[in-house]
Amino acid sequence: MSIGIGIVGCGMIANFHARAIKDAAGAHLVGATARRPEQVETFAGEHDCRGFASLEEMLADESINAISICTPSGLHLDPAIAAAKAGKHVIVEKPLEITTERCDAIIDACKENGVRLTVTFQSRFHQSSQLMKKAVEDGRFGKITMGDAYVKWYRSQEYYDSGQWRGTWELDGGGALMNQAIHSVDLLLWLMGPVEQISAMTATMTHERIEVEDVAVATLKFKNGALGVIEATTTAYPGALKRIEISGNEGSAILEEEDIKFWQFANETDEDARIRKEMAGKTETGGGAADPAAIGHHGHTMLFEEAVSAINENRPSILDGHEGRRSVEVICGIYESAKTGKIVMLG
C-alpha cells in the first residue's frame with residue numbers, strides 16, 4: 001500500500017522531506033501545514049501538494065496515513081502525540097525531542113495508539129556507514145579501543161539570527177551538539193554501543209545572541225570498555241566534513257561524511273582494496289559543513305522507504321523511538337557534565 005504522508009512545518013528541512021517522499025517507493029506526499037499560512041501556500045505550490053490550514057485539518061484527512069514532523073526541535077512533542085492519537089504513523093526529523101522525558105512521551109503515545117514511529121537519522125543508510133557497521137559486527141577491529149566523532153562545522157551569525165528559535169534552549173534544545181552533531185552522535189552510538197560515562201566542557205565563543213554552545217568537547221567511556229571523544233563546533237571556518245573514527249587492536253577505519261578515508265585491517269579480505277578505491281569519493285555535497293542546505297536527500301529517501309516498510313509490514317522501524325532517544329540521552333548527559341563539572345554516569 002502506498003502511504004500518504006503529510007508534513008508538519010514548512011521550513012528548510014521540510015523541502016528535503018518533500019523531495020524524499022516523492023522519490024521513495026511506496027510513499028506519496030499529500031500535503032503540508034505550518035503556523036504561517038503564507039509559508040504553507042508557497043510550500044504547497046513548490047511541491048505540488050495540498051496546503052492544510054491546521055494540523056487538526058490534516059489529521060482529519062483519511063488519505064493521510066503518516067505525519068512527517070519538521071517543526072523546530074522543541075516543538076516535536078505536541079504534533080507527534082496528536083498524530084498518534086489520530087491513528088497516524090509518526091516520522092520525526094532529528095532530534096526526536098530535546099529531553100529524554102519528551103522523547104519518552106512520544107514513544108509511549110505511539111505505542112499506546114498502535115502506530116509506528118521513525119526518527120530521521122538518514123546517515124545510517126549511506127553505503128559507507130553500512131560497511132563500517134558490518135566491519136564492527138564481523139569483529140574486524142578486534143578489541144575496539146576507541147570511537148570518536150568530530151563535527152567541525154561553521155555557521156554564521158546570520159544563520160542564528162534567521163529564526164527566533166535558533167540557538168535557544170527551549171526550541172533548539174542545544175547548539176552544536178543537539179542541532180548539528182546529533183547525526184554523528186547517533187552513528188557513533190550505532191557503531192560503538194551504549195555509553196557508560198561522560199565528562200564534558202562546552203562554551204559559547206564566537207556567536208552572539210544565542211543561549212547555547214557553539215563549541216563542545218566530551219570524553220566517553222563505552223559499556224564495551226572503549227574510550228572516545230566527541231568534538232562539535234559551529235565556529236570552525238570554513239567548515240569540514242564530519243568524521244567518525246573507529247580503532248581497535250586489529251584494525252582502524254575513518255568515515256568522512258559518505259567517504260571512507262581510511263580502511264586497514266590486520267586480516268585483509270579480497271573486498272578491502274575495492275572498498276578503499278570505490279568509497280574514497282562518494283560525498284557529492286558539502287555535507288552541511290558550512291551551508292545547512294548543502295545536503296542531498298537520497299539518505300532521507302531511504303529513510304522514508306524504511307518507514308513505509310515498517311508500516312506495511314507492521315513491525316518496529318529500525319530507527320524507532322528507542323533508537324532516536326539514545327543520542328538525545330548522551331547529548332543531555334554531555335550538557336549536564338559541562339554544567340556541573342562532574343562525571344555523568346548513564347544507566
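Have a look at the DSSP beta bridges in the chain and tell me what percent are antiparallel, nearest 5. The answer is about 55 percent antiparallel. Here K94 is the anchor, and the aspartates and glutamates within straight C-alpha reach of less than 14 Å, apart from those fewer than 8 places off in the same chain, are D172, D186, D320, E323, E329. Note on K85: aspartates and glutamates with a C-alpha under 12 Å away, same-chain residues under 8 apart excluded, are E56, D108, E112.
Place a point 7 Å from the Cα of E196 along the Cα-to-Cβ direction; which residues of segment 125-146 have their backbone N under 16 Å from it? Zone members listed by number: 143-146.
Per residue, the average separation of C-alpha pairs within less than 8 Å and at least 6 apart gives the chain a relative contact order of 20 percent. Only one item in (1) 22.7; (2) 16.9; (3) 17.7 matches mean projected area of the Cα convex hull in nm² derived from the coordinates shown, and that item is (2). Relative contact order of segment 192-253, taken over Cα pairs closer than 8 Å and 6 or more residues apart, is 27 percent. Rolling a 1.4 angstrom probe over the chain with all protein chains present gives an accessible area of which 50% lies on carbon and sulfur atoms.
For E101, project a label point 7 Å along Cα to C-beta. Then give me every residue of segment 143-168 with its amide nitrogen under 18 Å of that point. Correct set: none at all. Distance between the modelled labels on S156 and K85, one decimal in nanometres: 4.2 nm (7 Å Cα→Cβ projection). For segment 268-275, the Karplus equation 6.51 cos²θ - 1.76 cosθ + 1.60, evaluated at θ = phi - 60°, returns couplings of 5, 10, 5, 7, 4, 4, 5, 4 Hz by residue, with Gly and Pro reported as x.
When the listed pairs K134/K261; K22/K134; K143/K342; K223/K342 are checked against a 22 Å cut-off, the alpha-carbon distance exceeds it for K22/K134; K143/K342.
Per-residue ellipticity at 222 nm, computed for the chain from helices alone with -39500 (n - 2.57) per DSSP H run of at least four residues, works out to -10500 deg cm²/dmol. Quick one: grab the alpha carbon gyration tensor of segment 212-347, order the square roots of its eigenvalues as a ≥ b ≥ c, and give me rounded if a/c is under 1.5, else prolate or oblate depending on whether a/b is larger than b/c. Verdict is rounded for segment 212-347.
Between E208 and K277, the distance separating the two model label sites (each 7 Å from Cα on the Cα→Cβ line) works out to 5.4 nm. With the whole protein complex present, M1 retains an accessible surface near 150 Å², based on a 1.4 Å probe.
According to the square roots a ≥ b ≥ c of the eigenvalues of the Cα gyration tensor, what is the shape class of segment 254-310, taking rounded for a/c under 1.5, prolate for a/b larger than b/c otherwise, and oblate for the remainder? It is oblate, given that a/c is not under 1.5 and a/b is not larger than b/c.
With a simple spin-label model that places each label point 7 Å from the Cα along the Cα-to-Cβ direction, the separation between T285 and N267 comes to 3.8 nm. With the whole protein complex present, K261 retains an accessible surface near 110 Å², based on a 1.4 Å probe. Structure remark: mean-square fluctuation, Gaussian network model of the chain, C-alpha springs under 10 Å; the largest value among V308, V115, V136 belongs to V136. For segment 34-79, the square roots of the Cα gyration tensor eigenvalues, ordered a ≥ b ≥ c, give a/c of at least 1.5 with a/b no greater than b/c, which places it in the oblate category.
A cut-off of 5 Å between modelled amide H atoms, ignoring neighbours fewer than 5 places along the same chain, links V229 with G147, D148, A149, L220. Dividing the mean sequence gap of close Cα pairs (under 8 Å, 6+ apart) by how many residues segment 32-105 holds gives a relative contact order of 25 percent.
The values are calculated or read from the model by the stated rules, or taken from the named source; none is laboratory data. This is a predicted model, so every value here is computed, not measured. Backbone-built Cβ (ideal geometry, glycine too); neighbour counts: all protein chains shown. Ligands, DNA and RNA are stripped out before the accessible areas are found, and what is left, the full protein with its side chains, is counted by its heavy atoms. Shrake-Rupley method; radii C 1.70, N 1.55, O 1.52, S 1.80 Å.
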